[in-house]
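What follows draws every value from the coordinates through simple rules; no lab data is involved. Fair warning: this is a prediction, and the values are worked out from it, not measured in the lab. No Cβ is skipped: glycine too gets one built from the backbone with ideal geometry, and neighbour counts run over all protein chains shown.
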Amino acid sequence: MVVAGTRRAGRPVAPQLAVLGLHVRQFAEMMMHRHGHNLETWMNAVLNDDLPGLHSIVPGYAGTKTPSPPG
């Protein structure tokens, strides 16, 4: 994981890009491992960061219900 303000390949990493990368990785992990029950927590974390471009996708997921397992 790249931490905000550290260097990668000799270049500084902008703090907003580091946070954006973290949210994207968390979302991918959540979907890959089918942890949709964490979606609301993820959306709140995104909305608490200064990333207006990422904020725009949250309303599309708001109200999404995680399906119950069969049985």
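Does segment 25-64 come out rounded, prolate or oblate, given a ≥ b ≥ c as the square roots of the eigenvalues of its C-alpha gyration tensor, rounded meaning a/c under 1.5 and, failing that, prolate meaning a/b above b/c? Since a/c reaches 1.5 and a/b is larger than b/c, the shape of segment 25-64 is classed as prolate.
Each of Leu47 and Met31 was given a label point 7 Å from its Cα along the Cα-to-Cβ line. The distance between the two points is 2.1 nm. A simple spin-label model places pseudo-atoms 7 Å from Cα toward Cβ; at Asn38 and Ala62 they are separated by 2.3 nm. Sorting the segments 19-29, 46-56 by their residues' average number of neighbouring beta-carbon atoms within 10 angstrom, most packed first, yields 19-29, 46-56.
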